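Student: Shown below is the structure under consideration.
The values are calculated or read from the model by the stated rules, or taken from the named source; none is laboratory data. These numbers were taken from a predicted model, which means no experiment stands behind them. Note that we place each Cβ from the backbone using ideal geometry, even for glycine, and neighbour counts take in every protein chain shown.
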Amino acid sequence: MATTRQPLVAGNWKMNGFAVSVSELAGIIEGAASLNGKAGMMVCPPATLVAAFAGRAKGTVLAIGGQDCHAKENGAFTGDISAEMLRDAGASAVIVGHSERRQYHAETDADVSAKAQAAWRAGLMAIVCVGETRDERVSGKALDVVGTQLAGSLPDGCTTANLVVAYEPVWAIGTGLTPTAQDVAEMHNFIRQQLVARFPAAGEGVRILYGGSVKPANAKELMGVPNVDGALVGGASLKAADFMGIAGVYR
């Protein structure tokens, strides 16, 4: 089915970057403009850099996002950042439910859903991450695991503007391993079916990104898979040349 979904290539910088990293952003901004609207680009730096990056990217086509947010608007939550604070710093989106948050901070599907709702409350787009471990895939449970995550992590009220889903097989993140194009197609088709079934008005238009060891060498094949509407990129997004080597498939 033909759609009008604009691909999105988002970079998750994780716990990397300092003030001098703003200079690296210049190349990404230039590269984003060269896509001529064929795809959107976003960088999600650590919280310390959101405001600086947003200031540098203001007036350009590059969007800036956060990597996580608290479910509450404010309060006694030392070390946390609210979605409203991210919005105030210039972010337009936030990643929630990344496997590293689920694994290292014991975040549940309910936690992720609450954070997605917080993002919407603040006027941010939520990039909700789902994905299975290697053991879950080997045992044939990948679809069941991702289906459960989708059901529990996505709040009611989804629209094409406020939600992006990112499929990141946990075993492929930062390992250099990637699933086959057939595996990616199966999972993205499954996610699309789940979205359409639950959100009939919006499910076909919600973008589904692939993440997990995406690099310039495999980007063209992965981005060519049906229902893959872009990528959530980790380490390769830290350098403008590598990041554009991925996003450039949409030129």
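Student: For residues that are under 18 Å from the mean Cα position of the chain (by Cα), among the aromatic types (Phe, Trp, Tyr) and under 21 Å from Gly174 (Cβ atoms), tally how many sit in region 1-57.
Tutor: 1
Student: Return only the number of the condition from (1) in a loop (DSSP other than H, G, I, E, B); (2) surrounded by 23 or more Cβ atoms within 10 Å (Cβ to Cβ) that Lys115 does not satisfy.
Tutor: (1)
Student: Being more than 20 Å from Asn162 (Cα to Cα) and either modelled with pLDDT of 95 or more or more than 17 Å from the chain's Cα centre (by Cα) (or both): is that true of His70 here?
Tutor: Answer is no for this residue.
Student: For region 120-134: of the residues being farther than 20 Å from Ala83 by Cα and of a type in the set (D, E, K, R), which is surrounded by the fewest Cβ atoms within 10 Å (Cβ to Cβ)?
Tutor: Once the filter is applied, the top-ranked residue is Arg134.
Student: Would you please name the residue that is modelled with the lowest pLDDT, looking only at residues in region 159-183 that are closer than 30 Å to Ala83 by Cβ and aliphatic (A, V, I, L, M)?
Tutor: Ile173
Student: Hey, can you tell me all the residues within region 36-95 that are surrounded by fewer than 15 Cβ atoms within 10 Å (Cβ to Cβ), of a type in the set (D, E, K, R) and not in a loop (DSSP other than H, G, I, E, B)?
Tutor: Asp88
Student: Look through Asp80, Asp88 and report the one residue that is in contact with a His (Cβ under 9 Å, 6 or more places away or on another chain) and either within 21 Å of Arg121 (Cα to Cα) or of a type in the set (Lys, Arg) (or both).
Tutor: Just one listed residue meets the conditions, Asp80.
Student: Which residue out of Arg192, Arg207, Arg198 is basic (Lys, Arg) and loosely packed, with under 15 Cβ neighbours inside 10 Å?
Tutor: None of the others qualify; the one that does is Arg198.
Student: OK, next. Would you kindly identify the helices (runs of 4 or more DSSP H) lying entirely within region 130-222 that contain at least 2 residues that are free of Cβ contacts under 8 Å to residues at least 12 places away in the same chain?
Tutor: Where helices (runs of 4 or more DSSP H) fall fully within region 130-222 and carry at least 2 residues being free of Cβ contacts under 8 Å to residues at least 12 places away in the same chain, they are 134-138, 181-198.
Student: If you take the residues of region 235-251 that are at pLDDT 95 or above and in a loop (DSSP other than H, G, I, E, B), which of them is nearest to Gly17 (Cα to Cα)?
Tutor: Leu238
Student: Could you grab me the full set of residues in region 167-223 that are within 20 Å of Val96 (Cα to Cα), of a type in the set (Val, Ile, Thr) and touching an Asp or Glu at 6+ places or on another chain (Cβ under 6 Å)?
Tutor: Matches in region 167-223: Ile208 only.
Student: Mind telling me which of the residues Gly152, Gly212 ends up being surrounded by fewer than 19 Cβ atoms within 10 Å (Cβ to Cβ) and either closer than 20 Å to Ser237 by Cα or in contact with a helix residue (DSSP H, G or I) (Cβ under 8 Å, 6 or more places away or on another chain) (or both)?
Tutor: Of the residues listed, the single one that is surrounded by fewer than 19 Cβ atoms within 10 Å (Cβ to Cβ) and either closer than 20 Å to Ser237 by Cα or in contact with a helix residue (DSSP H, G or I) (Cβ under 8 Å, 6 or more places away or on another chain) (or both) is Gly152.
Student: Moving on to the next point. When you scan region 45-58, do you find a residue that is of a type in the set (S, T, N, Q) and under 29 Å from Met223 (Cβ atoms), even just one?
Tutor: No, region 45-58 has no match at all.
Student: Given (1) modelled with pLDDT under 95; (2) under 13 Å from the mean Cα position of the chain (by Cα), identify the lone condition not met by Arg134.
Tutor: Here Arg134 clears every test but (2).
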